[in-house]
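Student: There's a structure below that I have some questions on.
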Amino acid sequence: MKNLILLVLLALQGLASALHAQTLTLRVNDIQKPKGQLYVAFYVSEADFLKKPLTGFRVAVTDTMLVIPCRGLPAGEYAFSLFLDTNGNGQLDTAAFGIPTEKYAFSNDAEGVMGPPAYEKCRFRFQNDTTMVVRLR
């Protein structure tokens with residue numbers, strides 16, 4: 001009986017792992033100056049968008065193209081933002097009127113008018129292994 005319970009528990013654990021094993025891969029092309037850090041943030045709601053990320057990380061930029069596997073995201077609705085910090089200060093630098101001076105991007109290649117795009121333009125549904133191509137602006 002103990003062996004049967006152990007077998008069932010192991011099977012359930014394997015099933016749970018398989019359900020959460022999807023990978024969202026971000027492919028960032030055409031990086032003109034391969035230096036600095038790429039900061040990536042994921043959001044799950046309009047209220048949190050660009051304020052309180054669900055998760056975030058940074059990646060060293062060493063080539064003109066990056067392939068970034070994002071593991072551990074459960075299936076759901078997300079939006080992401082990213083920027084290329086070339087001067088190492090950990091923030092997106094801006095000029096007059098808040099216009100970014102460093103490269104940035106949003107999910108769905110969304111663009112804003114007089115500011116960042118709305119969450120609705122950036123959100124996407126993540127259910128299976130997916131690769132999204134990101135174009136820095």
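The values are calculated or read from the model by the stated rules, or taken from the named source; none is laboratory data. Computed from a predicted structure; not experimentally measured. With ideal geometry, Cβ positions are generated from the backbone for all residues, glycine too; neighbour counts draw on all protein chains shown.
Student: Out of region 104-129, which residues are over 13 Å from the mean Cα position of the chain (by Cα), crowded, with 18+ Cβ neighbours inside 10 Å and assigned to a helix (DSSP H, G or I)?
Tutor: 119
Student: Select from region 71-106 the residues that are among the hydroxyl-bearing types (Ser, Thr, Tyr), out of contact with any Leu (no Cβ under 9 Å at 6 or more places or on another chain) and closer than 20 Å to residue 59 by Cα and list them in ascending order.
Tutor: Answer for region 71-106, where residues must be among the hydroxyl-bearing types (Ser, Thr, Tyr), out of contact with any Leu (no Cβ under 9 Å at 6 or more places or on another chain) and closer than 20 Å to residue 59 by Cα: just 86.
Student: Hey, can you tell me all the residues within region 93-117 that are of a type in the set (Val, Ile, Thr) and at pLDDT below 95?
Tutor: Within region 93-117, 99, 113 meet the criteria.
Student: Go through (1) touching a Ser or Thr at 6+ places or on another chain (Cβ under 8 Å); (2) touching a residue at least 12 places away in the same chain (Cβ under 8 Å) and name the single condition residue 94 misses.
Tutor: (2)
Student: Determine which member of the set 74, 69, 117 is closer than 20 Å to residue 24 by Cβ, free of Cβ contacts under 8 Å to residues at least 24 places away in the same chain and not hydrophobic (A, V, I, L, M, F, W, C).
Tutor: Just one listed residue meets the conditions, 117.
Let's see how each residue does on (1) over 21 Å from residue 110 (Cα atoms); (2) in contact with an Asp or Glu (Cβ under 7 Å, 6 or more places away or on another chain):
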residue: 32; (1), (2): no, no
residue: 43; (1), (2): no, no
residue: 49; (1), (2): no, no
residue: 61; (1), (2): yes, no
residue: 65; (1), (2): no, no
residue: 68; (1), (2): no, no
residue: 78; (1), (2): no, no
residue: 82; (1), (2): no, no
residue: 85; (1), (2): no, yes
